[in-house]
Amino acid sequence: MQVELSKRLKAATVTETVIAMLILMISVTAGLVIYGRLAGTGVNDQALRAGLYTDLVTDSLAAADSFQDQVIQQNGFTVAVKFSEVVRFKGAWVLAAVCRDSEGKILAEVSKIVTGDGKQD
């Protein structure tokens, strides 16, 4: 049984293999960086719900045109809303809201500039 040595096998060259490994390494590194950033932010379902709830509360209070400091407790969240009048611009208010969980941990913070006279009709 003799094997012919004159036939060449088709195979990848060293250059092609190195380029393929380089592309693979770059892809894996990018994936790990993205995963690390997402895992490190600590954003979870409760924080997302708190952010949405805080936006809802601040939008509702701004639309009500009654700019009084309030603390609202609902759905396991405590939202403290504070209004500060902007001295340089008549009728402009800074609305700052902080949403905390039942343990007092800050889950979301929102700041907005709203306009109005601050009087309830």
Of all residues in segment 56-73 being part of a strand (DSSP E or B) and free of Cβ contacts under 8 Å to residues at least 12 places away in the same chain, which is farthest from Glu103 (Cα to Cα)? Gln70
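Rundown of residues vs (1) at pLDDT below 90; (2) out of contact with any Phe, Trp or Tyr (no Cβ under 9 Å at 6 or more places or on another chain), yes/no style:
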residue	(1), (2)
Lys7	yes, yes
Lys10	yes, yes
Ile26	no, yes
Leu32	no, yes
Tyr53	no, no
Gly91	yes, yes
Val94	no, no
Which numbered condition Tyr53 misses (of (1) in contact (Cβ under 8 Å) with a residue 12 or more places away in the chain; (2) outside any helix (DSSP H, G or I)): (2)
Can you find, within segment 62-79, the residue that is nearest to Ala50 (Cα to Cα) among those that are at pLDDT 90 or above and loosely packed, with under 15 Cβ neighbours inside 10 Å? Gln73
Quick check on my filter: what residues within segment 65-82 are over 27 Å from the mean Cα position of the chain (by Cα) and at positive phi? Asp65
Would you mind stating whether Phe83 is among the aromatic types (Phe, Trp, Tyr) and either in contact with a Lys or Arg (Cβ under 6 Å, 6 or more places away or on another chain) or under 25 Å from Asn44 (Cα atoms) (or both)? no
Go through segment 83-108 and give me each residue that's within 23 Å of the chain's Cα centre (by Cα) and surrounded by 13 or more Cβ atoms within 10 Å (Cβ to Cβ). Val94, Leu95, Ala96, Ala97, Val98, Cys99, Arg100, Asp101, Leu107, Ala108
Restricting to segment 49-61, and then to whatever is hydrophobic (A, V, I, L, M, F, W, C) and loosely packed, with under 15 Cβ neighbours inside 10 Å, can you tell me which residue is farthest from Ala80 (Cα to Cα)? Leu52
Flag if Ser111 is among the polar types (S, T, N, Q) and either at pLDDT below 90 or part of a helix (DSSP H, G or I) (or both): no
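The values are calculated or read from the model by the stated rules, or taken from the named source; none is laboratory data. Since the structure is predicted, the reported quantities are computational estimates derived from the model, not experimental observations. As a convention, Cβ positions derive from the backbone with ideal geometry for all residues, glycine included, and neighbour counts pool all protein chains shown.
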